[in-house]
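Working notes, structure below.
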Amino acid sequence: MVTTTPPRSGGKQAPAAPAPIRKKRRISAPYILIAPVVVLLAVFIFYPVGSVFYYSLQFYNPTTPWDNGFAGLENFKLMFADDAFWNSLVVTAKWVGVQVVFQLILGLGLALLVNEVFRGRGLARALVFSPWAVSGVLTTGIWLLIYNPSTGLFKLLGNMGIGDGTAAPIADPDTAFWATSVAELWRGVPFFAILILAELQSAPKDLYEAANVDGANRWQRFRFVTLPHLKAVIILSTLLRGVWEFNNVDLLYTLTAGGPADVTTTLPLYVSQLATTAQDFGYGSALTTVAFVILLFCSILYLRLSKFNSDKA
């Protein structure tokens, strides 16, 4: 049975589409709308990820095509005897731990500071947040000038009689890791400060008023009111920052290139060196697969232990 629409003024009645056709259009419309996004994801995410898994099972080096072919698990077996891999894994764990912990502490402190009411607060917030807008390469340029033994900060301190003025922190294996960490802290702390400040702005004022009525001091208000309110954002921001710092390549590559003596060579940087220098894409893909598994496992474990998105969060 075909239904008809109300007659148009001055015209004849136009037959309407059958109900099953209209229903089919309504069902297919959402899929048509998301199709472009799915295509983009397939091209720029799914295909590259699938290629990494594929090449991890291959011997693939463009400079020696006669040796290319199926490797099975041989690339993964090579890791156990690769001292550079284990060293990069240790450096990565140290790097992520130092960055996430210190960025969280400093970011929390800055967020609490600029959340207070004082003259010039807008300027202070702009100065605190500005390093987050600087790219890794520009950050490297800034800190290379600071660490320059001829014209940098340590030379200036030497001219003032503080030290000998010849220190080169990123060239010394004993200080290179920490000098690089300071540069990344300068760039990463605003990330925590921005997220925590935004959450502080939404904190219920009545909770603080109730705490004041109960005679709570500043530390008690922070411990029993502020921290529980910030729990969810702290868990999420530390997880995101941990993943990003694990995959950090730009600053480390441009500032130290993994040196000196591999003290700043993280796992992603080691993979990058294998791909760009040794052209060993098979072994590099295997290391990337291992890194993916490590990140996935640690992320799931962290969310489970922190009880993220639970009723207590």
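Kindly establish whether A216 is closer than 30 Å to E116 by Cβ and either of a type in the set (S, T, N, Q) or exposed (fewer than 14 other Cβ atoms within 10 Å of the Cβ) (or both). Answer is no for this residue.
Among helices (runs of 4 or more DSSP H) lying entirely in the range 155-273, which contain 3 or more residues that are closer than 30 Å to F85 by Cα and in contact (Cβ under 8 Å) with a residue 24 or more places away in the chain? Write out each step before concluding.
On the way: elements: 176-201, 205-213, 218-221, 227-246, 250-255, 267-273.
Those helices (runs of 4 or more DSSP H) span 176-201, 227-246, 250-255, 267-273.
Considering (1) touching a Pro at 6+ places or on another chain (Cβ under 9 Å); (2) closer than 27 Å to K307 by Cβ, the lone condition that L200 does not fulfil carries the number (1). If you scan the range 263-283, which residues turn out to be closer than 25 Å to A176 by Cα, buried (at least 17 other Cβ atoms within 10 Å of the Cβ) and either of a type outside the set (A, V, I, L, M) or touching a Gly at 6+ places or on another chain (Cβ under 8 Å) (or both)? If the condition is that a residue be closer than 25 Å to A176 by Cα, buried (at least 17 other Cβ atoms within 10 Å of the Cβ) and either of a type outside the set (A, V, I, L, M) or touching a Gly at 6+ places or on another chain (Cβ under 8 Å) (or both), then T264, T265, T266, P268, L269, Y270, V271, S272, Q273, L274 are the ones that fit.
Kindly establish whether E245 is farther than 30 Å from P268 by Cα and either surrounded by 14 or more Cβ atoms within 10 Å (Cβ to Cβ) or at pLDDT below 90 (or both).
Values: farther than 30 Å from P268 by Cα: no; either surrounded by 14 or more Cβ atoms within 10 Å (Cβ to Cβ) or at pLDDT below 90 (or both): yes.
Judged against the criteria, E245 is not a match.
For the range 50-68, residues that are within 14 Å of F292 (Cα to Cα) and either in contact with a Pro (Cβ under 6 Å, 6 or more places away or on another chain) or polar (S, T, N, Q) (or both) total 2.
For residues in the range 138-154 being at pLDDT below 85 and assigned to a helix (DSSP H, G or I), which is farthest from W186 (Cα to Cα)?
To start, the set of residues in the range 138-154 that are at pLDDT below 85 comprises 149-154.
When the remaining residues are screened for being assigned to a helix (DSSP H, G or I), the result is 153-154.
Details: L153: 16, F154: 18 Å.
Checking each candidate, the answer is F154.
A single member of V38, V117 is among the aliphatic types (A, V, I, L, M) and outside any helix (DSSP H, G or I), and it is V117. For the range 56-115, the set of residues classified as without any contact (Cβ under 8 Å) to a residue 12 or more places away in the chain and either of a type in the set (G, A, S) or in contact with a helix residue (DSSP H, G or I) (Cβ under 6 Å, 6 or more places away or on another chain) (or both) consists of G69, A81, A93, G97, G109, listed by residue number.
Within the range 183-209, the only residue that satisfies the criterion of being touching a Lys or Arg at 6+ places or on another chain (Cβ under 7 Å) and either farther than 17 Å from V134 by Cα or surrounded by fewer than 19 Cβ atoms within 10 Å (Cβ to Cβ) (or both) is Y208.
Do we have any residue at all in the range 145-159 that's surrounded by 12 or more Cβ atoms within 10 Å (Cβ to Cβ) and hydroxyl-bearing (S, T, Y)? Within the range 145-159 (the criterion being surrounded by 12 or more Cβ atoms within 10 Å (Cβ to Cβ) and hydroxyl-bearing (S, T, Y)), the answer is yes, since at least one residue qualifies.
The values are calculated or read from the model by the stated rules, or taken from the named source; none is laboratory data. Keep in mind it's a predicted model, so treat the numbers as computed, not measured. Positions of Cβ are generated from backbone atoms using ideal geometry, with glycine treated the same way; all protein chains shown enter the neighbour counts.
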